[in-house]
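Student: The structure that follows is given in the form of structure tokens.
The values are calculated or read from the model by the stated rules, or taken from the named source; none is laboratory data. Since the structure is predicted, the reported quantities are computational estimates derived from the model, not experimental observations. For neighbour counting, all protein chains shown are included, and Cβ atoms are generated from backbone atoms with ideal geometry for every residue, glycine included.
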Amino acid sequence: MAGVTSAHEALKRLREGNRRFVEGITDHGGRSDASRRAEMVDGQEPFAIILGCSDSRVPLEIVFDQGLGDLFVIRVAGNIVAPSQVGSVEFAADQFGTRLVLVLGHSSCGAVSATLNELEQPSESQSRNLRSIVDRVRPSVEALLRTDLKHDPEALLREAVRANIQASVNHLRHGSQILEELIETDGLVVVGAEYSLETGEVEFFDEG
């Protein structure tokens, strides 16, 4: 391992990359050419692990203006955390020494919206596999339906997206002995963020 990128430096690189993306001055192509591909044959040293939503409008390397080998990306509808996602994060953090884990949700998330709809109007026809996603999102958003937000669908979805991101962050911080030990002793940081479909900007949440 040539040198571990600290969580602080990794966050800085993601912020700068997203700024370039928003401004339309991306340069990730320089890290995706044939010579870079050849460098990656024998190994990888991603500087950040990102658990993001599968939404086609949020391609993570593009959003953060990164190239081959820069990011270890895990994508699943609703950026949920199930055992396979936890294992993937553990693998990258342990094997590659990556010290930043970012959970990236996005505005108007369809998986979160579907969960709210299911809670308000339960469906009997939903497949078992789709229900498994809804059931992962459900605990973080159902309490919001007992507040005044239930009268404002846009605000409800906005807050539900953020609640779901935070739930995934908390799960990674406290649901894995390996990750807990790396957080305590080796500088691993798990943070959440939200991508705006409207502006292309990523808003980073607390870094603790």
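Student: When you check VAL141 against the structure, is it in contact with a strand residue (DSSP E or B) (Cβ under 7 Å, 6 or more places away or on another chain) and either among the hydrophobic types (A, V, I, L, M, F, W, C) or closer than 23 Å to SER196 by Cα (or both), yes or no?
Tutor: Against the criterion (in contact with a strand residue (DSSP E or B) (Cβ under 7 Å, 6 or more places away or on another chain) and either among the hydrophobic types (A, V, I, L, M, F, W, C) or closer than 23 Å to SER196 by Cα (or both)), VAL141 does not qualify.
Student: Answer yes or no as to whether LEU145 is in contact (Cβ under 8 Å) with a residue 24 or more places away in the chain and over 21 Å from the mean Cα position of the chain (by Cα). Break it down stepwise before answering.
Tutor: On the way: in contact (Cβ under 8 Å) with a residue 24 or more places away in the chain: yes; over 21 Å from the mean Cα position of the chain (by Cα): yes.
When the stated conditions are applied, LEU145 passes them.
Student: Quick one: in region 1-24, which of the residues that are among the polar types (S, T, N, Q) and either under 23 Å from GLN95 (Cβ atoms) or at pLDDT below 95 (or both) is surrounded by the most Cβ atoms within 10 Å (Cβ to Cβ)?
Tutor: Applying the filter and picking the extreme gives THR5.
Student: Given (1) in contact (Cβ under 8 Å) with a residue 12 or more places away in the chain; (2) under 14 Å from the mean Cα position of the chain (by Cα), where does PRO59 come up short, assuming only one miss?
Tutor: Unmet for PRO59, out of (1) in contact (Cβ under 8 Å) with a residue 12 or more places away in the chain; (2) under 14 Å from the mean Cα position of the chain (by Cα): (1).
Student: Considering only residues of region 115-137 that are farther than 17 Å from PRO83 by Cα and at pLDDT 90 or above, which is surrounded by the most Cβ atoms within 10 Å (Cβ to Cβ)?
Tutor: THR115
Student: Something else: Could you give me the residue pairs with C-beta distances under 7 Å whose first residue belongs to region 67-80 and is in contact (Cβ under 8 Å) with a residue 60 or more places away in the chain, whose second residue is of a type in the set (S, T, N, Q) and part of a helix (DSSP H, G or I) wherever it lies, and which are 6+ apart or on separate chains?
Tutor: GLY78/ASN164; ASN79/SER168; ILE80/SER168
Student: Next up: Mind listing whichever residues of region 49-87 are surrounded by fewer than 18 Cβ atoms within 10 Å (Cβ to Cβ) and among the polar types (S, T, N, Q)?
Tutor: The answer is SER54, SER56, SER84.
Student: Related question: Do any residues in region 96-124 that are among the acidic types (Asp, Glu) have Cβ atoms under 8 Å from those of residues that are in a loop (DSSP other than H, G, I, E, B), where the two are at least six apart or on different chains, and which pairs are they?
Tutor: Once the first residue is among the acidic types (Asp, Glu) and sits in region 96-124, its partners that are in a loop (DSSP other than H, G, I, E, B) give GLU118/GLN126.
Student: Search region 88-114 for residues being in contact with a strand residue (DSSP E or B) (Cβ under 8 Å, 6 or more places away or on another chain), small (Gly, Ala, Ser) and over 19 Å from LEU157 (Cα atoms), and hand back the single one that is surrounded by the most Cβ atoms within 10 Å (Cβ to Cβ).
Tutor: It comes out as ALA93.
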